[in-house]
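No lab work stands behind these numbers, since they all come straight from the coordinates. Please read all numbers here as calculations on a predicted model, not as lab measurements. Every residue, glycine as well, gets a Cβ built from its backbone with ideal geometry; the counts of neighbours run over all protein chains shown.
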Amino acid sequence: MAGRSDTPAAPVDALLASREMILVAGSGGVGKTTVAAALAANAATHIGGRVLVITVDPARRLADALGIGALGNVAIRVPDEAFVEAGITPHGELWAAMLDTKAGWDELIRRHAPDAEVREAVLGNPLYQNITSRFVHSHDYLAMEQLHELHSSGEYDLIVVDTPPSRNALDVLDAPGRMKDFFGSRLLRWLTVPYRSRLFTAASKPFYQVADRVLGSRFLQDIAEFFVLFQAMESGFVRHAEEVEQLLGDHRTAFVVVSTLEAAPTHEAAYLARELGRRDYHLGAIIANRVLPSAFTRPAAATSARALAGAVESDLADEVAVRLDADPDVTGGVLAEIAARFHDVAVVANREAERRAELAEQTSIVLTAPALDRDINDVADLLALADHFRSDDT
């Protein structure tokens, strides 16, 4: 996607340019959705091609980050005017969507049914909607199926995926394997054997009669008939699940883990990074978000804070008050509080530096972004955030 340049690419640009799918993961509340949108905006701006940012998180924050209104299953292109307002001419196109699994199972059945008769029988089964809404983490599996379809279509050069919070993200990644396991499970055999074996049906008939009296007429039979039909689609489901697993571990796919440098999110990020490695997935980078400036950890900063505390007693407060057209007494109090509180801030900054070093043990690329003094509402704000990733000297 990228053109030639004599300037070495920033690590984040090199990562985005070398992959076809980036899955952004992390615990809740660390700015993961915003980071995913910023990475996609950065790719569309500096690398080019057709870039899609998509969320499987039902919180629907992605549309707000892009400033384009509500999102749905159909991708919406972010207009070039949004980049123009940011003073940028993008090299590519930025698209956004949210996975909608409402009709996903119907499409999946149509795709994998061996013939029209099985397809209509499954879709017409009275328990179909109720079962699939609870079946094998259906939202997770459908998310991975749809991502696979999007990638296979070749419509986009890069797909950036905003996943659910960490442990749920692992549910999404493990969903294809669970689908494969289900087809070989005792539960499926137990449900379907009575309808494949006359002998077993006769032997189990008293049980079904009792169950029908307790659970309602034909309850177990409807379930079993559904799974008999479902098993007819085993080859298609298993083959596709294997393809999804291969895509996740493919060199074209990378994961970016997002975290703040507080204790709990850092621990969660390290756990997620280890789990990705255990699954042989490629961890492209860890992004530490809302980080205090590293300058706060330097001895010169502490020296400056002590000098500020001493200067407040002199004419400094008056000079600053004049510059700001403010009350000298109030200004002096503010400056004194800043000097006194610097030690606490420096302690936090040093702890963040230690946690950043812990995350660096998981990958060679740890990028940082500061806590911003405003909300991110449009493409200009997203690109400003991405610039911090691009300028990181990691």
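Some points to look at:
- Its residue count N fixes a reference of 2.2 N^0.38 Å for the stretch 296-355, and the Cα radius of gyration divided by that reference is 1.28.
- Residue order, fewest to most beta carbons within 10 Å, for 271, 128: 271, 128
- Residue 295 versus residue 324: modelled label distance in nm, points set 7 Å from Cα along the beta carbon direction: 1.8
- Listed from fewest to most Cβ neighbours within 10 Å, the set 18, 314 follows the order 314, 18.
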